[in-house]
């Protein structure tokens, strides 16, 4: 980092240029599994108080990145510092700064919610005061379940308990690895509120997700990751903004329409899917609609089920990688 | 503090899990009751054996008085042979009449040999019968109630009754099963489910985490011993003779040794499916070879050689010596040393094999 001038207004979203306020600094991180480059030359900064997200498909390297930052997996290349402290070679030094919600949400089944929280507090060398315990239970919405065995919790409750466990040592930085995977929409919303509450309390949060809506709703900044590389990094709004007047147009044609025949620069029509539906990712919505309808008219093709949607992160991903986020 | 909380949590989990409750406490009692009734009490239902020796006139009188009873077996013979028969379990009571013919009108010297450990069973019955017979003979023959001057001599029987032999073995066996399975299965399950990973993310030192697991099992081991001994005393008349301090030291070291073995098994087992098979492969042969239910004196010498070094053998013999064998802590030093050596070996091997992460690497996400 060259400049340490703190520009207070811009610390939140401009972490890259202000190393002094960085909570996390990752430089040229790499990890190989045999010949597979699971994480390849990844660098980024996360500012204090920021919610930073890794968005990418399964197997993209999100969890591996997180595990190296958490001190669970040793990197093959690069450096990671948390609050100025290098994570490697001695991850024990950053343990008191971080809280981790791992992907697994299994707990000791014969213990109750509050017993598990007390136990993990003790494992961090802390005796949870009544106030801290109540706060954790309220925050995670588990106050009524405090005496329930963890075995009896629902999926969403388990995820929130995992977040509460990540908070028992009052960490500055919280890692959430796919906090809502497998949850129904209502439970997902509930978890999002917990994450927002954490942000309001000033926690720095790094999360992974393969849900575009989640990343868009929660994250201040996003890194889109594929095949172990960061292929784009910015705020969700700006990432989508890069697409300009791009739009996604879905339709069913009586005969498949060839992309070339449209003669639209930068636009692409995919082949029909199993239900005969085609997708046109258009550079300019207005031009695309006009051309599409004219072509259909000229070639005597009937267009049905025409749907138009402005671009979102899903399209950013599609544009950057040529594939859907969720296969 | 982490240690205490972990110990509390581990003990709670074992006591809340019905499955483990059964294996820790009901299973050993089932063994003890079954073996106790099938083998231990069986002897009491057989015939009453009475040995007669000395003056032939008087032995003939007793034989006439008691020989007609169906349950009574009478053997006549040399005093020494018959008294040794008490030690071997062949005779319940031996009656010896002074062979020097007494002057008429003078009392006759009689000595009755008996095993005080058998008073509640056939031995007590036999003695009552003999006393009754002598009383009857005295009245019938001489009209003199004080014809016989009776001296009673107890014969100390060194051999343990079967249930006294069995009880410490049952404790040793339960401690082995509980500690071995009670540590190995949870450790592998916690590893596979990612609970160990959650623990690794905390600041607790690994030795503290494992020591607390071990201590939880020691608590269970002491509860087991307490319950089994209580049942032994109340329902099977087991007499405790020895050193409870010594037994406690044996229990402590024995549970530590079996926990360490359990941790080694957890390290060897890749998946949760294989942990029980590996543990059983170790525990089952050891249970029989270590003299849990019966001494293996009659086994071939090479097998006895193997049996003598097994971890459970030392746990069983240590418990047996200090609970019913009348020995003190100092007497069982060799067993304690053997257990300490096994414990060190198991801990060493287990720490080499210990893993926080499941074998199948997760490289997704």
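Our compactness index for the stretch A:162-220, the C-alpha radius of gyration over the empirical 2.2 N^0.38 Å, is 1.05.
So what is the diffusion coefficient of the stretch A:18-106 in µm² per second by Stokes-Einstein at 25 °C and 0.890 mPa s, using a Kirkwood Rh over Cα pairs? Translational diffusion coefficient: 180 µm²/s.
Across the alpha-carbon set of the stretch B:45-154, the Rg to Rh ratio works out to 0.95, Rh being the Kirkwood radius.
Comparing A:134, A:314, A:258 in a Gaussian network model of chain A, where Cα atoms under 10 Å apart are tied by springs, the biggest mean-square fluctuation is seen for A:258.
Within the listed set A:241, A:56, A:30, the residue fluctuating most in the Gaussian network model of chain A (springs between alpha-carbon atoms under 10 angstrom) is A:241. Quick one: helix B:162-193 against the long Cα principal axis of chain B, what's the angle to the nearest 10°, folded into 0 to 90? It is inclined by approximately 10 degrees. Ordering A:298, B:55 by the number of other Cβ atoms within 10 Å of each residue's own Cβ, fewest first, gives A:298, B:55. For the segment A:96-103, counting C-beta atoms of other chains within 10 Å of every residue's C-beta and taking the mean gives 3. Each label point was placed 7 Å from the Cα along the Cα-to-Cβ direction; for residue B:234 and residue B:331 their separation is 2.8 nm. Estimated from the Cβ-Cβ distance and a Förster radius of 41 angstrom, the FRET efficiency linking residue B:208 and residue B:274 is about 0.90.
Defining a contact as two alpha carbons under 8 Å apart and six or more residues distant in sequence, what relative contact order in percent does the stretch B:45-154 show? Once normalised by length, the contact order is 29 percent.
A Stokes-Einstein calculation at 25 °C with viscosity 0.890 mPa s, built on the Kirkwood radius of the stretch B:174-240 over Cα pairs, returns a diffusion coefficient of 176 µm²/s. Using C-alpha pairs under 8 Å with a sequence gap of at least 6, the mean separation divided by the residue count of the stretch A:8-240 gives a relative contact order of 27 percent.
In whole Å, what is the distance between the alpha-carbon centres of the stretch B:255-272 and the stretch A:283-318? Rounded to whole Å, the Cα centres lie 64 Å apart. For the protein assembly as shown, compute Rh as the Kirkwood radius over C-alpha pairs and then the Stokes-Einstein diffusion coefficient at 37 °C and 0.692 mPa s; write the answer in µm²/s, rounded to an integer. Estimated diffusion coefficient is 103 µm²/s.
In terms of its C-alpha gyration tensor, chain B comes out prolate, because a/c is 1.5 or above and the ratio a/b outweighs b/c. For the pair residue A:234 and residue A:189 in one chain, pulling the backbone fully straight at 0.36 nm per residue adds 13.8 nm over the alpha carbon distance.
Neighbour counting of Cβ atoms within 10 Å sorts the residues B:234, A:68, B:13, fewest neighbours leading, into B:234, B:13, A:68. Report summary: the helix-based calculation at 222 nm, which adds -39500 (n - 2.57) for every DSSP H run with n ≥ 4 and divides by the residues of chain B, gives -20000 deg cm²/dmol. Cβ crowding within 10 Å ranks B:302, B:356 as B:302, B:356, fewest other Cβ atoms first. Working note: Cα gyration tensor of chain A, eigenvalues times five, square-rooted, sorted largest first, giving semi-axes of 42, 24, 17 Å. Over chain B, Cα pairs under 8 Å with separation of 6+ residues give a relative contact order of 19 percent. Per 5 Å bin from zero, what fraction in whole % of the C-alpha pairs of the stretch B:238-365 is there, up to the bin with the longest pair? Per 5 Å bin, starting at zero, the Cα-Cα P(r) for the stretch B:238-365 comes out as 2, 10, 16, 18, 18, 14, 9, 5, 3, 2, 1, 1, 0 percent.
Which residue, A:80, A:224, A:257, tops the fluctuation ranking in a GNM of chain A built on C-alpha contacts under 10 Å? Residue with maximal mean-square fluctuation among A:80, A:224, A:257: A:257. Between residue B:222 and residue A:252, the FRET efficiency from the beta-carbon distance, with R0 = 60 Å, is close to 0.20.
We did not get these values from a lab; they are worked out from the coordinates using the rules stated. Predicted model, so just to flag it, every value in this text is computed and none were measured. Cβ atoms come from the backbone with ideal geometry, glycine included; neighbour counts cover every protein chain shown.
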